[in-house]
Amino acid sequence: MSELILNSNIGCYASPDFSNFAFEVEMTIIKGDIGGIGFRFGNALHTKYEFYVTQNGTVELFVAQGTATTKTLVKPVVSPAVHQGLNQTNIIAVVAQGNIITLYVNSQQIARVTDNTYSHGQIGLYASSYATAGHLTEVVYSNARVWTF
């Protein structure tokens, strides 16, 4: 079990470098706003994809291309697949194969996109407060599993 607590945006990334993979983890937001998966994290600052899920059921995928540039790949939308509220466990997953990225919440596919920005990198978990009126955020992760193709 791993726990991230913060009042800003923080991630915890692990080696090795992954290209084609599936990454699944159980996530419970204990307090605050946002938890999620970061993947294909590069050596340069803020180069990665981030798939996030909020405690109010919103999901989003974006790609960070430096400290000031992000591109939204899946616009924020409330997903009925998300168990909403604090202390609710959600199983979140990303499958990245080539330039196709597929997102899952609780075994339901919620989005599939094609993007060529990054082809490999580290994977990890993160927690964040909302950009405006953010709250101290505590997220607990367990049963993380990774498969490579």
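Values in this text are rule-based calculations from the coordinates and carry no lab data. Since this is a predicted model, take the numbers as computed values, not measurements. We place every Cβ from the backbone using ideal geometry, glycine too, and count neighbours over all the protein chains shown.
Values as computed for the structure displayed
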item	result
Cut-off under 5 Å, modelled amide H: who pairs with GLN88 long-range	ILE29
Rounded to the nearest 20 debye, dipole of region 2-148 from Cβ charges on Lys, Arg, Asp, Glu	240 debye
Anchor LYS31: aspartates and glutamates whose Cα lies under 12 Å away (excluding residues fewer than 8 positions away in-chain)	GLU3, GLU138
Global form of region 2-148, assessed from the alpha-carbon gyration tensor, a/c cut-off 1.5	rounded
FRET E, pair LYS75, ASP17, Förster distance 30 Å, beta-carbon r, rounded to 0.05	0.55
Projected label distance in nm at GLN84 and ASN99, using a 7 Å step from Cα toward the beta-carbon	3.6 nm
